[in-house]
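Nothing in this text is a laboratory measurement; each read-out follows from the coordinates by a stated rule. In this text the structure is predicted, and so the values were computed from the model without any measurement. Every residue, glycine as well, gets a Cβ built from its backbone with ideal geometry; the counts of neighbours run over all protein chains shown.
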Amino acid sequence: NAGVTQTPKFQVLKTGQSMTLQCAQDMNHNSMYWYRQDPGMGLRLIYYSASEGTTDKGEVPNGYNVSRLNKREFSLRLESAAPSQTSVYFCASRLKPHQPQHFGDGTRLSIL
Amino acid sequence: AQTVTQSQPEMSVQEAETVTLSCTYDTSESDYYLFWYKQPPSRQMILVIRQEAYKQQNATENRFSVNFQKAAKSFSLKISDSQLGDAAMYFCAYMVGSRLTFGEGTQLTVNP
């Protein structure tokens, strides 16, 4: 009953380091999403993949890249981490349009 | 751009009482979906209730119900018989197509 699994759960980076956040879902969902959550704000969409083989920018894509490796996996990469990217990152997936998204437990990322 | 506004950063309620959380949204779309998500201290994002914009009937899930006013673009959440476990951050969210837009959240405290 895993659902959406994110790794790692916590990470501390130095400015300029690179990092890939992993996300996998076992629900055979078509769409996958990456959000960031900052204090006092709701979740903001970074990138999404409506279906395997496609990716699109969300509200705050700058400084990030994504890869939809296969139907199950959708990774988020920070090529050169900046302190402004300190946040909690959530991955989500959804089977069909207009159905609710299912969320992972989040990754807390701190960049010093 | 679509926006979602939660005007109450914090709310409190006595155990067993009823509380209503407010949400308004701005859109030019006619076909969309609305959601309330709950985020307890564990950081999980848990779906509470969903509403299809084309349905006039307000959604209900046990102690949770919504007051959906399409013309006013209002989507409030009513929690009846509040329980200690209801204490969490509550996010209103709007979805059209593949994209989900969140409000900034309302922190709900339940007092024993």
**Single condition A:Asn28 does not satisfy, out of (1) touching a strand residue (DSSP E or B) at 6+ places or on another chain (Cβ under 8 Å); (2) in contact (Cβ under 8 Å) with a residue 12 or more places away in the chain; (3) not basic (Lys, Arg)** = (1)
**Prompt:** Taking interchain pairs and intrachain pairs at least six residues apart, which have beta carbon atoms under 7 angstrom, with the first residue in segment A:41-61 and facing another protein chain (nearest Cβ under 7 Å) and the second part of a loop (DSSP other than H, G, I, E, B) and of a type in the set (Ser, Thr, Tyr)?
**Reply:** A:Tyr48/B:Ser98; A:Ala50/B:Ser98
**Item:** Residue selected from segment B:38-64 under the condition surrounded by 19 or more Cβ atoms within 10 Å (Cβ to Cβ) and among the polar types (S, T, N, Q), by the criterion farthest from the other protein chains (Cβ to nearest Cβ)
**Value:** B:Gln51
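I need the full set of residues from segment A:75-109 which are loosely packed, with under 15 Cβ neighbours inside 10 Å, among the polar types (S, T, N, Q) and more than 10 Å from chain B (Cβ to nearest Cβ), in order please. Explain how you work it out, then say what you get.
Here is the first cut: in segment A:75-109, the residues loosely packed, with under 15 Cβ neighbours inside 10 Å are A:77, A:79-80, A:82-84, A:95-97, A:99.
Now narrow it down to the ones that are among the polar types (S, T, N, Q): A:80, A:84, A:99.
Within segment A:75-109, A:Ser80, A:Ser84 meet the criteria.
Taking B:Phe75 as the residue in question, decide whether it is facing chain A (nearest Cβ under 8 Å) and part of a strand (DSSP E or B).
Values: facing chain A (nearest Cβ under 8 Å): no; part of a strand (DSSP E or B): yes.
When the stated conditions are applied, B:Phe75 does not pass them.
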**Prompt:** Can you name the number of the only condition in (1) out of contact with any Phe, Trp or Tyr (no Cβ under 9 Å at 6 or more places or on another chain); (2) in a strand (DSSP E or B); (3) not hydrophobic (A, V, I, L, M, F, W, C) that A:Ser80 fails?
**Reply:** (2)
